[in-house]
Amino acid sequence: MSGWTKTAVTAAFLAFGVAAGVGLGRALDPGAHAAARPQPPASLAALQDSFAGVSESASPSVVHILRQSSSPWEGTGIGSGVLVSSDGHLITNHHVVESDGGQVRLKVRFVDGNEYPATVVGTDSETDLALLKIDPQGKRLPAPMEFADSDKVRVGDWCLAIGSPFGYNHSVTVGVVSAKHRRATLDQAYQDFIQTDAAINPGNSGGALVNLRGELIGINTAIVSGTRGSDGVGLAIPSIGVRWVKDGLMRDHAVRRGFLGLSSLDFNSDLDEYFRQNYGVKSRQELLGRLGLKEPRGVVI
């Protein structure tokens, strides 16, 4: 090994030793760690400001709903709603305002503390939506919530849920859109939910799910939970469906849907009995022969 090579190798070992010593010294010095603690990048600070801005702009359009029933079985209930017109129309869930027969009185409270009695304009149990109306009594109401196109919402988009979980009115939780086009084991004919991990609890029903522009992307409706608490699976009715139901309730006080007027019967004992009573068919084979079939397949309309 030449003298130059020995010198280079020695210098390399010395440099490594110095670097290792400096690193060991920092590891043993807690003050060095505190001084080197990383700071949040400006983008995260901007995201935080965005959450705060959305909360400030959207919360005035969300209301706390107090329901009082004359039925001893129902008593008092709570929910949330969203202002959707400048003259005092609000959208909420049907199950927030429904009654088992007793007279129901509704009162809504805005974030500024103003309270108004509310009446039911119309409900649609098949989508679990209801439209309410308040008389502002000459007072100026907040701006109504703007609707976003929920078809353009992406899985992974940030969203905020605003409502009254357990009666804590105008609470804000943050999460993402976890999935779209979800169904659940609910007694509800029309289901096409947005799933979110923004915490939703009893009392959030009827409240707003908004994007980072403060626009409505859904009405919080249900949770999937064994404890009736937030397990990270909340469901919201997409805004495109909410708008359609809202328009129908404002126009007709009811939702009018088209239907085909058809019913079907599968090949079973009921079908055999139907044809025996109405057409005098005495056996399954005779029925198949009349229908031009070799085996029982399909349905009869």
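For the stretch 142-190, with the dipole built from +1 on Lys and Arg beta-carbon atoms and -1 on Asp and Glu ones, taken about the Cα centre, which of 142, 185, 168 lies farthest toward the positive end?
Towards the positive end, the residue furthest out is 185.
Just to check I understand the Karplus step: with θ = phi - 60° and J = 6.51 cos²θ - 1.76 cosθ + 1.60, what whole-Hz values come out for the stretch 127-133, glycine and proline as x?
Result, rounded to whole Hz: 10, 6, 10, 9, 10, 10, 9.
Quick one: check the C-alpha center-to-center distance for the stretch 176-209 versus the stretch 241-273, whole angstrom.
Computed from Cα coordinates, the inter-centre distance equals 22 Å.
Just want the answer: with Cβ charges of +1 for Lys and Arg and -1 for Asp and Glu, which residue in 254, 271, 212 is farthest toward the dipole's positive end in the stretch 209-276?
Projecting each Cα onto the dipole axis, the largest value belongs to 212.
Using a/c under 1.5 as the rounded threshold, could you call the stretch 140-255 rounded, prolate or oblate? The axes a ≥ b ≥ c are square roots of the C-alpha gyration tensor eigenvalues, and prolate needs a/b larger than b/c, oblate otherwise. Each step should come with its number before you reach the end.
Working: a/c = 1.32, a/b = 1.20, b/c = 1.10.
The shape class here is rounded.
Checking the a/c ratio against 1.5 first, then a/b against b/c, what shape does the Cα gyration tensor give for the stretch 54-209?
On the way: a/c = 1.71, a/b = 1.22, b/c = 1.40.
The shape class here is oblate.
Cβ neighbours within 10 Å, averaged per peptide: list 287-293, 113-119, 123-129, 243-249 in order, most packed at the top. Each step should come with its number before you reach the end.
On the way: 287-293: 13.0, 113-119: 14.9, 123-129: 21.3, 243-249: 19.1.
The most tightly packed comes first, giving 123-129, 243-249, 113-119, 287-293.
Compute the distribution of all C-alpha to C-alpha distances in the stretch 196-301, in bins of 10 Å from 0, and list the percent of pairs in each, rounded to whole numbers.
12, 24, 14, 14, 20, 14, 1
At R0 = 22 Å, how high is the FRET efficiency between residue 181 and residue 146 if r is their beta carbon distance? Nearest 0.05 is fine. Please report the intermediate quantities before stating the final value.
On the way: r = 23 Å, r/R0 = 1.06.
Plugging the Cβ-Cβ distance into 1/(1 + (r/R0)^6) gives 0.40.
FYI, it's all coordinate maths here, none of it is from the lab. All values derive from a computational prediction rather than experimental measurement. Positions of Cβ are backbone-derived with ideal geometry, glycine not excepted, and every protein chain shown enters the neighbour counts.
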